[in-house]
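**Q** Sharing a structure below in structure tokens format, with a few things to ask.
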Amino acid sequence: MNNDTPHLSFEFFPPKTDQGKSKLAVTRQELGKFNPEFFSVTYGAGGSTRATTMDQVAAIQADGFSVAPHISFGGSAEDEVLALLNDYKASGVKELVALRGDLPSGMGGAAQLVHANQLVAFIREHTGDHFDINVAAYPEIHPEAESYSQDVYWLGEKFKAGANRAITQYFYSADAYFKFVDECAKAGIGAPIIPGIMPLTNYSNLLRFSESCGAEIPRWLRWQLKERSENIEDLTSYGIDVITELSQKLLDGGAPGLHFYTMNQWQVSDVLCRNLGFAESS
């Protein structure tokens, strides 16, 4: 990727049905026109979606795109994580998204790896520089963080362990992102921090996601979306305007790129990329 070109990537989750797989194949082709740096694929804790994740990794590669599978140690033993790393390395995967993951209930003391920085260090120890490693960042601070400064500290530890860039949880306040980046810079973190962007297409789902992950929906935005929640076309159109403005403000303010949480849909992300001037391949 040209250094002057903003980073662009899209996230998918592994579909469970043949219909879902077919729809995702279309999404992949449509969004692939924007030449993303990679498509990332989520991964269930404890291996619950390992097979479907591997299927999507193979499908993305078969279409000629770079893929960044999520990898976590939520309940997985180190030898299982290492086997997965070796599988990805052998298949030509060059990018990873390394996450702490959630421990399945009853697994509290079973997993040897506890923090994401330990996972990053483990990947580097066993695979050297083969992978570019993406990690998570939280501009509005991780819901389990002890403090703002501690959350910044732990992000720094991920980079010290060998991470290449961070991708943030979604947010709707550009100020929260810029403040977080400033605090990271003060802590000596100079690696790219890519804003994660969640399109606004479903009010009830957004509320549920945000409550579970700690992302804040500003009061003004919550009410605007609630008013439009029964009219999907109106909500989607309004959401495109809001996210276009947010994304442009982030890019204009120096954000190194964008990572879209697509929910396996291409239409809204397509419009957003066009609005923001991301070039399509000819």
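**Q** What is the magnitude of the charge dipole of the chain about its Cα centre, with +1 placed on the Cβ of each Lys and Arg, -1 on the Cβ of each Asp and Glu, and no other charges, expressed in debye to the nearest 20? All intermediate terms of the calculation are to be shown ahead of the outcome.
**A** Working: 22 positive and 35 negative charges, 32 e Å.
Charge dipole, the chain, about its Cα centre: 160 debye, nearest 20.
**Q** Between SER281 and LYS179, with labels modelled 7 Å along Cα→Cβ, what's the label distance in nm to one decimal, could you check?
**A** 4.1
**Q** Could you please tell me the mean projected area of the C-alpha convex hull for the chain, averaged over all directions and given in square nanometres to one decimal?
**A** Numbers: hull surface 59.6 nm².
Answer in nm², one decimal: 14.9.
**Q** For a label point 7 angstrom out from the Cα of TRP220 toward its Cβ, which stretches of the stretch 134-176 have the backbone nitrogen within less than 20 Å?
**A** 140, 171-176
**Q** Separate question: Quick one: Karplus J couplings for the stretch 150-162, per residue in order, coefficients 6.51, -1.76, 1.60, θ = phi - 60°, nearest Hz, x for Gly and Pro?
**A** 5, 5, 5, 4, 5, 5, x, 5, 5, 6, 4, 6, x
**Q** Under a straight-distance cross-link criterion of Cα-Cα below 15 Å, which aspartates and glutamates are reachable from LYS16, leaving out those fewer than 8 residues away in the same chain?
**A** ASP55
**Q** Quick check: Cα centre of the stretch 217-282 to Cα centre of the stretch 161-212, how many Å?
**A** Cα centres, the stretch 217-282 to the stretch 161-212: 15 Å.
Every number in this text was worked out from the coordinates using simple rules, so none of it is lab data. Everything numeric here is computed off the predicted structure, so don't read it as measured data. Neighbour counts run over all protein chains shown; Cβ positions are idealised from the backbone, glycine included.
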